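Take a look at the structure set out below.
The values are calculated or read from the model by the stated rules, or taken from the named source; none is laboratory data. Bear in mind the structure is a predicted one, so any value in this text is a computation, not a measurement. Every residue, glycine among them, receives a Cβ derived from its backbone with ideal geometry; neighbour counts consider all protein chains shown.
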Amino acid sequence: MSRSHHKRLVMPRSWPLTRKTNIWIQKPNPSGHPIEMCMPLGIILRDVLGVAHNMKEAKRILHSRKVLVDGEIETDRARAVGLMDVLTVGDENYRCIIDRNGKLRYRPIAKKAASSKICRVMGKTTVRGGRTQVHLHDGRNILMDEATAYSTGDSLVLSLPDQTVSKHLEMKKGSLAYLTGGSHIGETSSIKEQEIKRSSKPNETFFDDFGTVTDYVFVIGKESDLPLEAES
């Protein structure tokens, strides 16, 4: 039987929390996000945003039905909120990003920005009826009649909460990329070249003065699409 908690000492390094204040910490529910790229909602409310002093208060806030994830009401304190997700608490909106120190941050965004979300295309499959199912980085699967224009590594801008595709961001030379791993994590840079390996080695993407594994490349439209800098 899987446990709902694990020890703070072994929690992901990406979680911006102290390790020695308590022994145990809540685990997020299984989701489309890897555990290194998400945190449980109750912990975010209590330890990251500070809108609750303890978990009892966090539960009370959740039961008020004023907390939304990607535009949908959420009451489960173990709900995973991960990379690019939009978290709404009352009148405040936040987006999850990963900073240059490899830490998850939930930074304030405007109400207009909270109505959309960028998702990375992780793959595609053909399902019954000849339709195409596009798999996104947060675990969503979108059925489309015609999806030949979308390739693995591209990004789709989804409107929230209806999840309709409003924009297609292609992974190509000149596209702006947000790096979610490697030594340049949390940075943005324009793609200069891509190298597809015909072997078990990972594909690589090159920028002005460095290269990285293509799996770390998350195409965005412009830097202002993400709250990359904390407000002073």
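Descriptive notes on the structure:
- Test for Gly221: is it among the small types (Gly, Ala, Ser), closer than 22 Å to Gly71 by Cα and under 17 Å from the mean Cα position of the chain (by Cα): yes
- Scanning region 218-226 for residues that are exposed (fewer than 14 other Cβ atoms within 10 Å of the Cβ) and of a type in the set (Ser, Thr, Tyr) turns up at least one hit.
- Condition met for Gly181 (at pLDDT 95 or above, farther than 24 Å from Asn93 by Cα and assigned by TED's automatic domain parsing to the domain that holds Thr126): no
Conditions (1) aliphatic (A, V, I, L, M); (2) over 23 Å from Ala113 (Cα atoms), marked per residue:
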residue: Ser4; (1), (2): no, yes
residue: Met11; (1), (2): yes, yes
residue: Trp15; (1), (2): no, yes
residue: Thr18; (1), (2): no, yes
residue: Lys27; (1), (2): no, yes
residue: Ile35; (1), (2): yes, yes
residue: Leu41; (1), (2): yes, no
residue: Leu49; (1), (2): yes, no
residue: Arg65; (1), (2): no, no
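- Summed over region 28-42, residues that are crowded, with 20+ Cβ neighbours inside 10 Å, modelled with pLDDT under 95 and over 24 Å from Tyr216 (Cβ atoms) total 0.
- Verdict on Val67 being within 24 Å of Leu158 (Cβ to Cβ), surrounded by 13 or more Cβ atoms within 10 Å (Cβ to Cβ) and under 17 Å from the mean Cα position of the chain (by Cα): no
- Restricting the search to strands (runs of 3 or more DSSP E) fully inside region 90-139 and requiring at least 3 residues that are in contact (Cβ under 8 Å) with a residue 60 or more places away in the chain gives 92-98, 104-109.
- Output for region 135-149, where each listed residue is touching a strand residue (DSSP E or B) at 6+ places or on another chain (Cβ under 7 Å) and more than 23 Å from Ile97 (Cβ to Cβ): Asn141, Leu143, Met144, Ala147, Ala149
- Pair list, Cβ < 9 Å and 6+ apart or interchain, from region 193-208 residues that are free of Cβ contacts under 8 Å to residues at least 24 places away in the same chain to residues that are of a type in the set (Phe, Trp, Tyr) and assigned to a strand (DSSP E or B): Glu193/Phe206; Gln194/Phe206; Glu195/Phe206
- The strands (runs of 3 or more DSSP E) found entirely in region 144-183 that carry 1 or more residues being among the small types (Gly, Ala, Ser) and surrounded by fewer than 18 Cβ atoms within 10 Å (Cβ to Cβ) are 155-159, 165-169.
- When we screen Ser151, Ser155, Ser190 for residues that are among the hydroxyl-bearing types (Ser, Thr, Tyr), in contact with a Gly (Cβ under 9 Å, 6 or more places away or on another chain), touching a residue at least 24 places away in the same chain (Cβ under 8 Å) and not assigned by TED's automatic domain parsing to the domain that holds Ser31, the only hit is Ser155.
- Residue match in region 19-27 (condition: aromatic (Phe, Trp, Tyr) and crowded, with 20+ Cβ neighbours inside 10 Å): no
- Region 7-18, residues that are outside any loop (DSSP other than H, G, I, E, B) and either surrounded by fewer than 16 Cβ atoms within 10 Å (Cβ to Cβ) or free of Cβ contacts under 8 Å to residues at least 12 places away in the same chain (or both): Lys7, Leu9, Val10
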